[in-house]
Structure formats: C-alpha cells, structure tokens
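The values are calculated or read from the model by the stated rules, or taken from the named source; none is laboratory data. No experiment lies behind these values; they were computed from the predicted model shown. Neighbour counts are summed over all protein chains in view; Cβ atoms, including those assigned to glycine, are modelled from backbone coordinates with ideal geometry. We work out accessible area using only protein heavy atoms, side chains counted, and drop any ligands, DNA or RNA first. Shrake-Rupley method; radii C 1.70, N 1.55, O 1.52, S 1.80 Å.
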Amino acid sequence: MNNLCIRFRDAILPIAGIIAAWQLLAALRIVNPVLFPSPVQVFFAAGEMIRSGVLWTDALVSLRRAATGFFIGATLGVLTGLLTSRVRIFSIGLNPLFNLLRPIPAIALVPVAVVWFGIGEQSKYFVIAYSVFLAVWLSTHHGMEHVPDIYIRAARSLGASRGLEFFQVVIPASAPHIFAGLRFGAALSFLSLVAAELTGASAGIGYRLEEARQYILVDRMFVGLVELGVLGATLDSIFVWIGHRLVHWEQA
Amino acid sequence: MKLSLSIGKTGNLSGAGFGQLFWRLFGRLNPYRRDNDSPRHHPGMSVEDKRSETTERTPLHGSPDERAARALAEPGGPLIECRALTHTYHTRLGTRITAIADVTLAIDAGEFVCLLGPSGCGKTTLLNMVAGFLAPTAGELRLDGKAIHGPDPDRGVVFQDYSLFPWLTVESNIAYGLLMAGMSAERRKAEVGALLDLVGLPHIGAQYPFELSGGMKQRVAIARALATHPAVLLMDEPFAALDAMTRESLQRQLLDIWTRTRKTILFVTHNISEAIFLSSRIVVLSSRPGRIVEDIRLPEDSRPRKRTSPEFNRLYERLAQAIGVEGSE
Ligand SMILES: Nc1ncnc2c1ncn2[C@@H]1O[C@H](COP(=O)(O)OP(=O)(O)OP(=O)(O)O)[C@@H](O)[C@H]1O
Ligand SMILES: [Mg+2]
C-alpha cells in the first residue's frame, strides 16, 4: 500500500507540476491565448469533444489502425528477421534493400500508399506496418546474429542439434533484442499513425489535429497532442510491464 | 537482496511467473522433442555406452563413474590423443597466428591434467579443439581411438565465462543435456538431484543463474557438464573470475568430485598453485606458438598438497621458471 502511494506520488506529482507551470505561463499572457491555450481551456475543449463523442471514436479508430499496422509489421518483421539471420541467401538478398528503406520516413510513403491502396484503412495499415516492420526486422536480425557463441557451444556440447539449438538457444537468447524491437515498433506505430492520418482520413487523432488546424482551434489540437502522449506512454508502459516478465532474466 | 532470492526460489507467480511459464512451454513446443527412455535414442551416450546399448547407465551417486573405472580396467590406447596438433588463426587483416604448434600429447582415462601456460599461449585453442569447437589446421586428434568431429556430449565443457542459459532455471540448465538425450522427466529429476548434491548445492534447483554468485554458477556449470556422463571434462580456467577464497574452496570441491567420479579432466589454467594443487599431471605450454615444454606427473600420495610444503614450493619454482624462461624468448 505504501509502495502504491509512492508510485502514485512519483507518477502524479511531476505531471501536476507541469500542468501548474503551464497554467502559470498561460496566465502571464505572454503569448496570445488563442495560439497557446491554458490547461483549463484544453480541459474544456476535451470536455466538449467527449460530449460529442469524437474523443472516444478518434481514439478507438486510431488505436485500431496502430494495432493492426503494428501486428502486421511486427509479425512480418520477426519472421523476416528469423530468415535473414539464419539463411544466408535471404540476408544477401534482403539486407541491402531494408537498409536502403530504413532512412525513408513513414510520412514520405503516405502519397504512395494513397495511390496504391486508396484513402481507406489499408493505406494507413500499410504506412504503419512499414515503419514497424523495419524496426522489428532490424532488432530481430541483429539479436539473432549476435547470440553469444558460448551459449551455442554449450548447447552443442550438450547434444543439441541445429534445429533444437534454434528453438532452445537462439530464440530465448535473442528474445531481449526482439522484445526491445517490438517496444520501439509500438512507439513507431504511433508516430507513423499521425503521418498516415493527416491525409485521406475522416476520423482518428491525426485527422482531428488536421481538422483543428483548418479552423485554427489550438485548444483542440492540444487535446489531440495530450491524447497521443497519454496513449503512447500507456502503451509503452504496458510493453515494459510485459517485457519485465517475459525476459525476466535481463533486468536482474 | 538475499531476501528476494529466497522469494524467487519458491517461485512467485505475481512477479516473473508468466514469463517463466512462457519459456517453459516454449521449450516444450519444439517439433524435435523426444521424451522416452529407450537407450537407442541417447545421442548423449558416451562412446562405450554406444558399443553396448543394453548397459544400464548408473547415476552419479558417490561411487566412481562406471565408465572411467572400466576404461582404467581394460588398458587400451590413451583416452585423448593429440598428434602433431597445430592450429593457425587467419585474422581479418590477413595475418596468420599460429596459436598451437606441433603438440603431441596422450591423456589416459582417469587423469587430471592441467594445461599450464602464460596468457595467450594457446591453452583455450587447444581445449577448444578437443571440445570440437575448432578444427585442427594440421595433426590428429582422437578420443578413445576415434577422430574428433565437432562437439559431442562425450566431452563435457566448463567455460571460462559464465555459460549457463540465463532463461532456464538451475534445474533445467543441468537437465539440458539429459533432455537432449531423450531422458524421461522423472529420471532427469533424479539425476539433477544427485548432481546438485555432488556439487554441494542441493537447494537451488528452482533458482535462476542471475540469482547465484559466481562460484555457484561455475559449480552448476560443472554439474551441467557432468550430467551427460562425458568421458572427459574440459575446463577452461573455470575459476579465474572468482575471488581467492571461493577459488580455493571450489578447487577442493573439484578434487573431491574427481576422486569420487574418477572423471578424466583436462583443466586449463595460468595459475601455478592451482595446477599443483589439482593435477595428477601438469603439461606446460610455451608462449606463442604454444609448444609443450614440460610434462610432469605428480605422485598421488602427495595429496592433499599443502601450499606451504617445501615440495609444493620446489615444484612452483620449477614451473615458474618453465613458463618464465620460455615466455621471455
Ligand atoms: N579468433 C581468433 N582470431 C585470431 N587470433 C586468435 C583468435 N583466438 C585466439 N587468437 C590468438 O591465439 C593465441 C592463443 O589464444 P588462446 O585464447 O588460445 O590463449 P590462452 O592461452 O587461452 O590465453 P588466456 O590465458 O589469456 O585465456 C593468442 O595469442 C591470440 O591472439
Ligand atoms: Mg583462454
């Protein structure tokens, strides 16, 4: 219980401090309040968005896009990582391609995605899956390539065949890397989500940001930003929570 | 810290429980798993066991290892035979480093041989060739008359660095070779229990390697290497990373294990005292390229060898000179 109090204090107090400082800054009216709304204004804007229902629908629509894109990208990323790290032909053929793709940001892919898949959901999935895929592939590939030799040798001298060694040594030994890649991929799915929603969407947090820009409703923009921040941070802490338990030997 | 260790031992499901369960299930989810007791499916059997498949394998409890005893009883060739063994590394810069040159060495079953030499003289290289991790550049290498091709459970290896699988419990680490050999769960459990007793750690089976001290880790590593009843135990400076006190206690324990199992041991060290205390035979290698410069057999009746005795010191001086003189060339 005491522990919980400490955690609550550590989580809530800094945020309360930030909001107070923000309110103070806004109250000083150094900047036009229309351009830099106070927390109270943002709070009321959020209340209005909740009442009209757009806040929830946007969050749900965006989360579904992020989750679907993440799922596709992560699955393909892990599988391709397994292939390129274990089968030489795949790494020779695919690594240069992926390394060329990696510097291309997700937002640069949006026009292509819209032409290829239209303005429906598919183009969003594609953009998100693309950026998740590259991050997950890279960490899977790297983790599997750098499994400490000593584990492989130990397993071999204990009678493990190559197939067994893959399942029982290579995968668990690279699990921390793969998991770090998945966590990074989850963060990327949010970053690319906004890029994907800025064009050709009719709902979603990114779309709402763009809509607010057209009417210069900065308080509504801030609601979107806060929403993204809260969702992203929650998602990340879920990944940390799972990671602590799944690769439990790493944190010790 | 100590407190959390004992909690971890009983397995708290609120903590890392689901991860542990995941990896336990994952370990079972492999398509290659066999779970039966038929001796025909024991790839981990030693050379002799393969010869007579019907022989029942005795667990390790106390009594000297059956195989070592048999090997001693029927004098054939040596157990390990190196003839004109050479290994040359090709570095990325295109240079060649001959780490081991022209080593001829015969080790009999039951011997405790220490490979002693200065750092970088090729001790690990030689041991890795016997383990099957490296192929000789030239020369021959035989175990029980058969050429060595790659690693095999008939040679147990204890590494210089910690090599326990961090995602497995101590129990599962020790049982790994037995699982690979297709031994049933009950028999694995019995063997693991006996092995943990042998290394003097009867109560840590459910813990994870990260919860253990360095000395405990190496003792578990020894248990894991002994589990498959290897014909030889290969040890590469297993105690080098430990503090002096732990090191001495582990040396005594290893000696105890050796006298109880009569396992053939090839032990690499650059610590002269350690070599004198442990070995029945000390092979000194010169610095690069490693060549045998001394091959000393120590009388068994001099055990336990006191570090303060004059014989100990005389031998120490002689070995120090052998290493030093060759090292400065
Ligand atoms: N992978 C490698 N590539 C190139 N040279 C190597 C490699 N491994 C070892 N060597 C060289 O071979 C020589 C022998 O190395 P080895 O590791 O066998 O020595 P060692 O006797 O075990 O030393 P130490 O006591 O420090 O562990 C060293 O001089 C080293 O530089
Ligand atoms: Mg070495």
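What the table shows:
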{"item": "Subset of B:Lys146/B:Lys189; B:Lys123/B:Lys217; B:Lys146/B:Lys217 violating a 30 Å alpha-carbon distance limit", "result": "B:Lys146/B:Lys189; B:Lys146/B:Lys217"}
{"item": "Protein heavy-atom accessible area occluded, A/B pair - total, 1.4 Å probe, Å²", "result": "2900"}
{"item": "Heavy-atom accessible area per residue - the protein assembly as shown, 1.4 Å, Å²", "result": "49"}
{"item": "Accessible area in the full protein assembly, largest first, 1.4 Å probe, for A:Val114, B:Val199", "result": "A:Val114, B:Val199"}
{"item": "FRET efficiency, 1/(1 + (r/R0)^6) with R0 35 Å, evaluated for A:Glu48 and A:Leu24 via beta carbons", "result": "0.90"}
{"item": "Residues with amide H under 5 Å from that of B:Ile100, placed H, sequence gap 5 or more", "result": "B:His87, B:Gly290"}
{"item": "Angle between chain A longest axis and helix A:171-197 axis [Cα atoms, degrees, rounded to 10]", "result": "30"}
{"item": "Protein-only accessible surface order, largest first, of A:Phe184, B:Phe210 at 1.4 Å", "result": "A:Phe184, B:Phe210"}
{"item": "Rounded to whole Hz, the Karplus (6.51, -1.76, 1.60) HN-Hα couplings of the range A:207-215, x for glycine and proline", "result": "4, 5, 4, 5, 5, 4, 5, 4, 9"}
{"item": "³J(HN,Hα) computed for each position of the range B:94-99 - Karplus, 6.51 cos²θ - 1.76 cosθ + 1.60, integer Hz, glycine/proline x", "result": "x, 7, 10, 10, 8, 8"}
{"item": "Highest-fluctuation residue, A:Ser131, A:Ser157, A:Ser237 considered, GNM on chain A with Cα pairs under 10 Å", "result": "A:Ser157"}
{"item": "Net +/- balance of residues flanking A:Thr234 in space, Cβ distance below 14 Å, scoring K and R +1, D and E -1", "result": "-1"}
{"item": "Chain A: calculated mean residue ellipticity at 222 nm from DSSP helix runs of at least 4, using -39500 (n - 2.57)", "result": "-27500 deg cm²/dmol"}
{"item": "A:Val87-B:His90 FRET efficiency (beta carbon distance; Förster radius 25 Å; 0.05 resolution)", "result": "0.50"}
{"item": "On Cα atoms only, tilt of A:218-246 relative to the major axis of chain A in degrees", "result": "30"}
{"item": "Where labels lie 7 Å past Cα in the beta-carbon direction, separation of B:Glu186 and B:Ser213 in nm", "result": "3.7"}
{"item": "The range B:140-282: C-alpha gyration tensor shape, a/c 1.5 cut-off, then a/b vs b/c", "result": "oblate"}
{"item": "Percent carbon-and-sulfur accessible area, the range B:114-226, ignoring ligands, DNA and RNA, probe 1.4 Å", "result": "53"}
{"item": "Net charge contributed by nearby residues that have their C-beta within less than 15 Å of A:Arg86 (K/R +1, D/E -1)", "result": "0"}
{"item": "Average beta carbon contacts from partner chains per residue of B:160-172, 10 Å cutoff", "result": "4"}
{"item": "On Cα atoms only, tilt of A:39-52 relative to the major axis of chain A in degrees", "result": "80"}
{"item": "Ordering of B:109-116, B:140-147 by packing [mean C-beta count within 10 Å, highest first]", "result": "B:109-116, B:140-147"}
{"item": "Per-residue mean of C-beta atoms belonging to partner chains within 10 Å, peptide B:193-205", "result": "0"}
{"item": "Neighbouring partner chain Cβ atoms per residue of B:146-159, average, 10 Å criterion", "result": "3"}
{"item": "Quotient of C-alpha Rg and 2.2 N^0.38 Å, computed over chain A", "result": "1.24"}
{"item": "Burial of 20 Å² or greater, the range A:229-252 residues [accessible area, probe 1.4 Å, versus chain by itself]", "result": "A:Arg245, A:Leu246, A:His248, A:Trp249, A:Ala252"}
{"item": "Solvent-accessible area of B:Phe22 with every protein chain in place, 1.4 Å probe, in Å² to the nearest 10", "result": "90"}
{"item": "Solvent-accessible ranking of A:Asp236, A:Asp58, largest area first, probe 1.4 Å", "result": "A:Asp236, A:Asp58"}
